[in-house]
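Visitor: Sharing a structure below in structure tokens format, with a few things to ask.
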């Protein structure tokens with residue numbers, strides 16, 4: 001087994017493109033590659049999962065304790081030939097002075113060697129003190145090798161190799177030249193999730209071929225060989241309760257779902273029935289509804305044109321269909337979305353208008369305290385004032401909400417709907433800007449499934465009746 005973490009000296013070094021290329025190139029060799037992404041992110045995992053042909057899982061210090069991170073890593077990677085973790089930001093960057101949630105901290109926790117991607121534009125001899133400094137800053141971190149990125153030609157590459165070989169003992173395992181085609185693909189990665197792109201496989205294949213030609217994969221595998229196998233934790237016990245059907249919006253407009261959240265829904269006894277908000281005329285037969293995040297503003301015309309589905313969703317929620325929506329899902333359930341001078345009608349369950357802004361309105365980690373209005377409050381660990389750690393990233397706000405709007409959360413950190421509240425509650429619907437994650441501190445899939453099950457058949461559970 002081989003395990004390593006791909007990091008960089010700073011953001012925008014090309015780390016994501018290199019990680020996707022490595023996953024694709026190793027998969028093309030016939031190896032089973034398990035990708036991971038550090039921190040809260042939906043887009044990079046979609047591309048990494050496409051490259052590895054295997055779901056990518058997130059590892060996040062803010063949402064999980066150390067023991068849970070180790071279990072998550074082992075659970076998904078024990079049967080893989082290669083475990084590849086893509087970091088976020090720079091190797092030592094983090095929320096606090098000690099770097100307790102940094103890439104380096106994750107590498108130490110999971111005993112991973114680090115492959116450092118260095119944006120070498122304009123650099124020659126100065127690359128040596130950079131590498132030496134990164135080594136000396138934390139001797140407990142093993143920088144197994146560097147991949148030089150965005151090189152200015154073969155002469156530039158030879159100079160950098162000579163400097164690194166003379167001043168350091170860190171091997172250069174790859175040298176990626178500045179490539180106009182790769183730059184175009186990289187911009188596409190940052191702007192377009194893989195679920196939106198019909199050409200995702202072609203883009204990934206192109207990256208994989210270019211990285212395979214410029215990185216010594218055999219050297220990488222030799223440097224990342226793990227001495228100990230991963231021992232997976234016991235599997236999640238499957239629920240023996242009555243199964244429920246949950247309609248899940250998954251298409252080009254809505255695709256932000258964590259792989260382990262979908263796993264947890266299934267373990268809790270839910271059958272996910274996927275539908276397409278752009279094409280389907282009605283909801284599938286279901287007991288509950290889940291609409292995750294995405295970029296509905298990019299599909300205003302298609303979403304507005306599908307009036308039959310919008311009306312069906314509005315009727316179903318109004319009739320009491322248990323519903324959970326996050327961020328893009330909240331936007332879709334509002335009366336309208338306004339973007340770039342255009343306003344388009346949406347579902348209209350939430351009595352407010354969504355407005356897009358050029359800069360983020362809410363961005364980063366959030367801490368929430370659930371209120372008595374939380375529809376799942378009778379589920380232990382969600383209601384009754386429990387504190388939840390989660391994250392948000394939205395460029396929109398919602399205007400025109402009634403003064404008596406009920407909210408599921410008081411915001412202790414973050415922005416949510418208005419800086420103080422999040423989680424609009426109406427009928428049996430909860431719609432929030434916050435993205436939850438199925439972790440030890442917030443098993444929201446199990447709570448939501450239990451709520452759906454109870455609302456379907458109140459006599460079949462011991463949960464008190466839900467206040468509407």
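Visitor: So which of 408, 399, 386, 440 is in the same structural domain as residue 337 (by TED's automatic domain parsing), at pLDDT below 95 and in contact with a strand residue (DSSP E or B) (Cβ under 8 Å, 6 or more places away or on another chain)?
Guide: Within the list 408, 399, 386, 440, the selection yields 386.
Visitor: Here is a further query. Condition first: more than 14 Å from the chain's Cα centre (by Cα) and either within 18 Å of residue 112 (Cβ to Cβ) or buried (at least 23 other Cβ atoms within 10 Å of the Cβ) (or both). Now tell me which residues in segment 26-49 satisfy that.
Guide: Those that are more than 14 Å from the chain's Cα centre (by Cα) and either within 18 Å of residue 112 (Cβ to Cβ) or buried (at least 23 other Cβ atoms within 10 Å of the Cβ) (or both): 26, 31, 32, 33, 34.
Visitor: In segment 14-33, is there at least one residue being out of contact with any helix residue (DSSP H, G or I) (no Cβ under 9 Å at 6 or more places or on another chain), over 24 Å from residue 254 (Cα atoms) and modelled with pLDDT under 95?
Guide: Scanning segment 14-33, I find at least one residue that is out of contact with any helix residue (DSSP H, G or I) (no Cβ under 9 Å at 6 or more places or on another chain), over 24 Å from residue 254 (Cα atoms) and modelled with pLDDT under 95, so the answer is yes.
Visitor: Determine, yes or no, whether residue 49 is out of contact with any helix residue (DSSP H, G or I) (no Cβ under 8 Å at 6 or more places or on another chain) and in the same structural domain as residue 218 (by TED's automatic domain parsing).
Guide: The answer is no for residue 49.
Visitor: Output yes when any residue across segment 120-133 is under 24 Å from residue 46 (Cα atoms) and either in contact (Cβ under 8 Å) with a residue 60 or more places away in the chain or in contact with a helix residue (DSSP H, G or I) (Cβ under 8 Å, 6 or more places away or on another chain) (or both), and no when none is.
Guide: For segment 120-133, residues under 24 Å from residue 46 (Cα atoms) and either in contact (Cβ under 8 Å) with a residue 60 or more places away in the chain or in contact with a helix residue (DSSP H, G or I) (Cβ under 8 Å, 6 or more places away or on another chain) (or both): absent.
Visitor: Answer yes or no as to whether residue 352 is assigned to a helix (DSSP H, G or I), within 21 Å of residue 411 (Cα to Cα) and at pLDDT 95 or above.
Guide: For residue 352, the condition - assigned to a helix (DSSP H, G or I), within 21 Å of residue 411 (Cα to Cα) and at pLDDT 95 or above - is not met.
Visitor: Can you say whether residue 99 is closer than 25 Å to residue 43 by Cβ and crowded, with 23+ Cβ neighbours inside 10 Å, as far as the supplied structure shows?
Guide: So residue 99 does not fit the description; no.
Visitor: Here's a follow-up. Exactly one condition in (1) assigned to a loop (DSSP other than H, G, I, E, B); (2) touching a residue at least 40 places away in the same chain (Cβ under 8 Å); (3) farther than 21 Å from residue 263 by Cα is false for residue 41; which is it?
Guide: Only one criterion in (1) assigned to a loop (DSSP other than H, G, I, E, B); (2) touching a residue at least 40 places away in the same chain (Cβ under 8 Å); (3) farther than 21 Å from residue 263 by Cα is unmet by residue 41, namely (3).
Visitor: At least 3 residues that are under 27 Å from residue 69 (Cα atoms) in each: list the helices (runs of 4 or more DSSP H) lying fully within segment 164-266 that qualify.
Guide: Of the helices (runs of 4 or more DSSP H) lying wholly inside segment 164-266, those with at least 3 residues that are under 27 Å from residue 69 (Cα atoms) span 217-223.
Visitor: Separate question: Quick test of your reading of the structure: residue 233 fulfils all but one of (1) more than 30 Å from residue 294 (Cα to Cα); (2) in the same structural domain as residue 49 (by TED's automatic domain parsing). Name the failing condition by number.
Guide: All conditions pass for residue 233, except number (2).
Visitor: Looking only at segment 34-44, which residues are modelled with pLDDT under 95 and in contact with a helix residue (DSSP H, G or I) (Cβ under 7 Å, 6 or more places away or on another chain)?
Guide: 44
Visitor: Something else now. Given the conditions (1) more than 28 Å from the chain's Cα centre (by Cα); (2) surrounded by fewer than 17 Cβ atoms within 10 Å (Cβ to Cβ); (3) under 29 Å from residue 227 (Cα atoms), report the number of the one that residue 152 does not fulfil.
Guide: (3)
Visitor: Let me ask you something else. Can you tell me which of 352, 329 is within 27 Å of residue 449 (Cβ to Cβ), touching a strand residue (DSSP E or B) at 6+ places or on another chain (Cβ under 9 Å) and either in contact (Cβ under 8 Å) with a residue 40 or more places away in the chain or outside the structural domain of residue 424 (by TED's automatic domain parsing) (or both)?
Guide: 329
Visitor: Residues of segment 106-149 being more than 24 Å from residue 72 (Cβ to Cβ) and part of a loop (DSSP other than H, G, I, E, B), which ones?
Guide: 120, 121, 122, 123, 124, 125, 126, 139
Visitor: Can you find a residue that is under 25 Å from the mean Cα position of the chain (by Cα), at negative phi and surrounded by 24 or more Cβ atoms within 10 Å (Cβ to Cβ) anywhere in segment 399-408?
Guide: Yes, segment 399-408 contains a residue that is under 25 Å from the mean Cα position of the chain (by Cα), at negative phi and surrounded by 24 or more Cβ atoms within 10 Å (Cβ to Cβ).
Visitor: Among the residues of segment 318-345, which ones are more than 19 Å from residue 376 (Cα to Cα) and buried (at least 24 other Cβ atoms within 10 Å of the Cβ)?
Guide: Result: 328, 331, 332, 333, 334, 337.
The values are calculated or read from the model by the stated rules, or taken from the named source; none is laboratory data. Quick caveat, the model's predicted, so the values are computed rather than measured. Note that each Cβ is placed from the backbone with ideal geometry, even for glycine, and that neighbours are counted across all protein chains shown.
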